[in-house]
1. Round to the nearest 10 and report in Å² the accessible area of residue 426, as given by a 1.4 Å probe over the protein chains' heavy atoms.
2. Under 17 Å Cα-Cα from residue 496, which aspartates and glutamates qualify once same-chain neighbours fewer than 8 residues away are excluded?
3. Quick one: compute the contact order of the range 14-168, relative version, from alpha carbon pairs under 8 angstrom and 6+ residues apart, as a percent.
4. Counting heavy atoms of the protein chains only and a 1.4 Å probe, report the per residue accessible area for the range 336-430 as a whole number of Å².
5. Stretched out fully, how many nm does the piece from residue 480 to residue 96 gain, at 0.36 nm a residue minus the Cα gap?
6. How large is the accessible surface per residue of the range 468-616, computed with a 1.4 Å probe and reported in Å² as a whole number?
7. Step through the table entries 24/562; 337/607; 24/481, compare each Cα-Cα distance with 29 Å, and write down the pairs that go over it.
8. Can you tell me what share of the DSSP beta bridges in the chain is antiparallel? A percent to the nearest 5 is fine.
Amino acid sequence: MEKSPKAEQTTAGGHAENLQLTVKQLIAVTEPWLNEEPQHVTASALVGQQRAVTAIERGQRIRSTFSHIYMAAPHGIIVADVIQQMCAEQHWSSAEMRDWVYVANPEDERAPICISLPQGTAENALIGLWEYLEKLPADRQPIFDRLVNTYPSVEFRQYLTLVADKLFDDIPGTELATIVVSHTEPKAWYFCDRVSQASLFGDIRLQSVEGTISSELHLIRPGALLKANGGTLVVHAMQLLTQPELWKQLKHILRTGRYEWEQPVNTQTAIHYEPDPIPVDIKVILAGGRELYSQLQDYDPDFANIFPYFAELNSFYPTQNQAVAPYFDYLAYIENKARCRPLNKGAKAALLEFSAQLTEHQKELSLDSVALIQLLEEAEVLASMTGVPEISANAIKNAQLEAQGRDRLLAELNWQSILEQQVQIDTSGDVVGQINGLTVVGIGGVEFGEPSRITATVHYGDGDIIDIERKAELSGNIHTKGIMILTAYLANLFAKQEPMPLSATLVFEQSYHEVDGDSASLAELCCLISALSESPINQAVAVTGAIDQFGNVQAIGGINEKIHGYFEICQRRGLTGEHAVIVPKSNVVNIHLNAQVREAVAAGLFKVFAVSHTTEAFELLMNVPCGSADNTNKDTLFGRIQLRLQNANASQHSNETPWWRRIFTRTSSD
């Protein structure tokens with residue numbers, strides 16, 4: 001592709017400076033947040049979660065088959081801490097929780113009888129039962145009266161009556177009773193975060209005695225469901241729902257209010273051992289992701305009936321409409337979990353910067369507890385190595401740099417291939433029909449940005465834009481949609497009166513994997529405008545952004561990775577002051593650039609431009625005013641394209657054989 005001399009016109013309107021972002025616009029400003037820090041803080045994991053807290057509180061007040069809760073927890077939320085604090089603040093009750101025991105059935109050894117007892121009394125009640133059976137039947141009445149008064153339980157009274165005339169020898173088996181669940185220290189909730197048949201529902205083990213397979217009372221083991229019976233059970237939703245049989249079993253128990261033990265299974269022998277079912281009165285909270293909630297709504301008609309309460313935990317704390325002071329309570333919780341030394345003011349500012357960076361929004365702070373704890377734990381190690389009493393801003397920033405460095409190997413290899421020209425990316429000079437788009441690459445769980453060379457060529461045709469990626473089946477649906485949108489934009493500009501006689505081809509050079517997303521559509525459009533107008537693009541400037549049919553530039557994702565990736569290439573080649581990126585204006589609030597980029601911007605070695613319309617990007621890249629699409633003016637981009645289209649139309653018409661020549665030619669041939 002030929003290099004073209006740079007156009008000598010000044011940037012259209014002379015407003016490039018108005019589009020350039022200042023250093024302060026490249027990162028969240030933390031000083032106003034720090035000024036809101038209260039003198040006293042109370043560690044809290046529930047900051048910013050009022051919506052979910054209210055939903056769970058409502059669900060907890062209703063005890064019925066149709067009032068269970070799904071809690072959507074974003075990545076990084078520590079569910080156990082959130083539940084524990086809600087339990088304490090909402091005063092979840094354990095008053096309805098009871099002890100459960102199985103006693104030998106004098107009428108059927110294989111069908112133990114279930115008895116519920118007041119919480120924490122199971123052991124003493126069974127001691128009393130033993131004393132009761134040690135007495136002769138005629139001497140048992142005083143003990144009977146004491147037991148039924150001390151341990152009020154209908155089932156216990158019935159059992160004492162059942163064995164009133166029985167001796168130990170009359171009761172089959174070798175065991176009298178076993179405690180299945182005892183609440184000597186009642187807990188209002190239990191968390192089943194490793195879901196299996198045994199951990200959630202319990203099971204009945206088997207034993208082999210002299211070759212005989214059997215089961216006994218002490219082999220009955222409870223799961224989390226029975227331990228939480230009368231209180232609240234929190235279940236890891238994904239682990240449960242990947243085991244459909246367990247999910248069906250849980251739904252059945254919640255509908256019927258009874259837990260029936262699964263028969264113990266042995267590969268060689270069928271064992272019949274059937275303990276009494278246990279009545280279940282429980283509140284279940286499924287903790288999982290929002291996507292899983294949507295899938296359950298779509299695919300399981302029972303789900304919405306059983307789990308009507310949806311409690312969605314927030315992944316960020318919005319500072320636009322909420323005071324920042326409560327967020328320092330959340331940071332106190334994070335510091336406690338990280339078990340780190342105190343943070344000085346500079347460290348708190350750096351931590352707030354990192355928190356905003358996690359949200360990719362300059363007005364929001366992250367509630368990703370795990371990520372914040374991991375950063376503070378590493379900062380604590382760095383501070384301890386220097387022996388200082390406090391964590392400083394340097395410790396926070398160095399912890400960030402070390403974490404980033406551990407993930408940079410693949411990025412370094414990709415960038416090196418560009419620096420060695422194995423992947424050709426120009427970052428200087430001017431070229432017609434060539435531009436640097438910005439992309440995000442994801443490999444092995446690591447994401448990083450890098451430039452991608454996009455080229456366009458123009459030829460006679462019927463106005464089609466041929467996307468080579470699509471022809472090669474390397475284009476995703478969203479990218480194809482972006483190509484259609486930019487085609488519509490060009491047609492709206494230049495084909496209102498008659499078809500365009502020119503067609504174009506677009507391609508991502510040296511791209512061997514699927515291209516998807518519409519974030520390259522602005523770069524592709526700029527490349528086409530350059531090829532159509534034969535105006536060179538400044539290769540020092542890279543572009544990202546989506547567009548609509550009217551040329552408005554729209555927000556895209558991965559803005560920070562894209563800018564950082566391009567900056568790395570330019571910095572390693574040597575910053576000249578011409579290097580820049582063009583991004584959507586609507587993405588400015590998402591920008592969080594590292595100190596190196598900000599220092600280069602402050603020194604005038606690198607620039608970030610934010611545009612709201614395609615014409616602003618055209619003029620920045622080609623240093624030529626756009627002008628009007630209705631005029632043929634060689635001093636404007638649109639004028640050059642219109643002039644070229646008219647010349648192409650005239651050339652096509654001049655090649656047509658006149659009507660009179662066609663007539664005479666036919667006559668002479670006859």
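1. Accessible area of residue 426: about 40 Å².
2. Leaving aside aspartates and glutamates fewer than 8 places away in the same chain, those within reach of residue 496 are 462, 464, 630.
3. 15 percent
4. Each residue of the range 336-430 exposes 49 Å² on average to a 1.4 Å probe.
5. Value of the extension gain: 132.3 nm.
6. 37 Å²
7. Too far apart for the 29 Å limit: 337/607; 24/481.
8. Approximately 60 percent, going by the DSSP bridge assignments.
The values are calculated or read from the model by the stated rules, or taken from the named source; none is laboratory data. Here the structure is a predicted model, which means the values were calculated and not measured. Virtual Cβ from ideal backbone geometry, glycine too; neighbours counted across all protein chains shown. Just the protein is used for accessible areas: all its heavy atoms, side chains included, with ligands, DNA and RNA removed. Shrake-Rupley method; radii C 1.70, N 1.55, O 1.52, S 1.80 Å.
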